[in-house]
Amino acid sequence: MTDPCLPECGVARFLTLLNGPWATLIVRELLHGPHRFTELRDALPGISPHTLTSRLRQFERHGIVTRTTYAEIPPRVVYKLTPLGEGLRDVLEAMGTWAMAVPDPEADVTV
């Protein structure tokens, strides 16, 4: 069953699922392996707990991330990319390669 909230266009769908800079950076961190909530928050200075929680819930709802809760005291929750989420590795690497090819206008300033 398709989500009526997701656009039919692939690019628009991608932008809907990874809306805002935090979403892409969360995926970048999870590409290194499973993380606890506090590890993700610490790796992303400036992200609010509300935003991190919201993005992780959205990713879980769309099958990009799994959330595993361990029955420990205190409880431990670990987030991990699913195979679908791992598929973003090539996309983010391509984005990074493209971005690094863009010249830095500040570097061209001659004194």
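Overview of results
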quantity: Portion, in percent, of the accessible area of the chain that falls on carbon or sulfur, probe 1.4 Å; calculated: 61 percent
quantity: For peptides 42-49, 18-25, 96-103, sequence by mean Cβ density within 10 Å, most packed first; calculated: 18-25, 42-49, 96-103
quantity: 15 Å beta-carbon shell around residue 28, net charge (K/R +1, D/E -1); calculated: -2
quantity: Directionally averaged shadow of the chain, computed from the convex hull of its alpha-carbon atoms, nm²; calculated: 9.8 nm²
quantity: Estimated [θ] at 222 nm from DSSP helical runs (n ≥ 4, -39500 (n - 2.57)) normalised by residues in the chain, nearest 500; calculated: -15000 deg cm²/dmol
quantity: Leading residue at positive end of dipole, the chain (Cβ point charges), from 79, 26, 107; calculated: 79
quantity: Environment charge at residue 95 (Cβ cut-off 12 Å; Lys +1, Arg +1, Asp -1, Glu -1); calculated: 0
quantity: Accessible area expressed per residue, the chain, with surrounding protein chains retained (probe 1.4 Å, Å²); calculated: 69 Å²
quantity: Point-charge dipole on Cβ atoms (K/R +1, D/E -1) for the chain, about Cα centre, debye to 20; calculated: 580 debye
quantity: 5 Å-binned pair-distance histogram of the stretch 1-41 (Cα, whole percent); calculated: 5, 21, 22, 16, 15, 15, 5
quantity: Summed side-chain charge close to residue 40 - residues other than residue 40 whose Cβ falls under 14 Å, Lys, Arg +1, Asp, Glu -1; calculated: +4
quantity: Residues whose placed amide H lies under 5 Å from that of residue 65, excluding near-sequence neighbours; calculated: 60, 82
quantity: Charge dipole (debye, nearest 20) of the stretch 56-100; +1 at Cβ of Lys and Arg, -1 at Cβ of Asp and Glu; calculated: 200 debye
quantity: For the stretch 1-65, size of Cβ-based charge dipole, Lys and Arg +1, Asp and Glu -1, in debye; calculated: 80 debye
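The values are calculated or read from the model by the stated rules, or taken from the named source; none is laboratory data. Computed from a predicted structure; not experimentally measured. No Cβ is skipped: glycine too gets one built from the backbone with ideal geometry, and neighbour counts run over all protein chains shown. Only protein heavy atoms, including side chains, enter the accessible area calculation; ligands, DNA and RNA are left aside. Shrake-Rupley method; radii C 1.70, N 1.55, O 1.52, S 1.80 Å.
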